[in-house]
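Student: First the structure, then my questions, so here it is.
The values are calculated or read from the model by the stated rules, or taken from the named source; none is laboratory data. A quick note: this is a predicted structure, and the numbers were derived from the prediction, not measured. Here the Cβ is made from the backbone with ideal geometry for all residues, glycine too, and neighbour counts use every protein chain on show.
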Amino acid sequence: MTPAQLLNQNSYLFAALVILMIAFAIVVARFRQTRFAWLALIALVAILIAGNRAFSRGASEIESSAAFDALLAAPQPVVLEFYSDY
């Protein structure tokens, strides 16, 4: 796996990590109280996890390649969406 593929497949993880590091620097610089800083970071982690779960797709409606071929052979238009949770 090339570095570009690794970054592409894990882009949400890397973006969340960068956001978390920036937020950590801001919280530590602005608030000297340790308890409040940790609560703010825990809230940010919860928001990032909730965002990941909200934007993740569920299981596919098509369970086999034969069902996919039958769908493509149907006379109705087909919208094909490629999506990766990573």
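Student: I'm trying to understand the selection: among the residues of the range 60-76, which are outside any loop (DSSP other than H, G, I, E, B) and either in contact (Cβ under 8 Å) with a residue 12 or more places away in the chain or surrounded by 10 or more Cβ atoms within 10 Å (Cβ to Cβ) (or both)?
Tutor: Scanning the range 60-76 gives ALA67, PHE68, ASP69, ALA70, LEU71.
Student: Applying the selection to the range 29-47, what residues are exposed (fewer than 13 other Cβ atoms within 10 Å of the Cβ) and farther than 30 Å from GLU81 by Cβ?
Tutor: ALA29, ARG30, ARG32, GLN33, THR34, ARG35, PHE36, TRP38, ILE42, ALA43
Student: Taking the stated definitions as given, is ILE19 β-branched (Val, Ile, Thr), under 25 Å from SER56 (Cα atoms), part of a helix (DSSP H, G or I) and within 16 Å of the chain's Cα centre (by Cα)?
Tutor: Yes.
Student: Sticking with this one: Applying the selection to the range 44-61, what residues are farther than 19 Å from LEU13 by Cβ and either acidic (Asp, Glu) or modelled with pLDDT of 80 or more (or both)?
Tutor: Taking the range 44-61 as the starting set, the residues that turn out to be farther than 19 Å from LEU13 by Cβ are 58-61.
Result: GLU61, single match.
Student: If you scan the range 48-59, which residues turn out to be surrounded by 10 or more Cβ atoms within 10 Å (Cβ to Cβ) and small (Gly, Ala, Ser)?
Tutor: ALA50, GLY51, SER56 - these are the residues of the range 48-59 that are surrounded by 10 or more Cβ atoms within 10 Å (Cβ to Cβ) and small (Gly, Ala, Ser).
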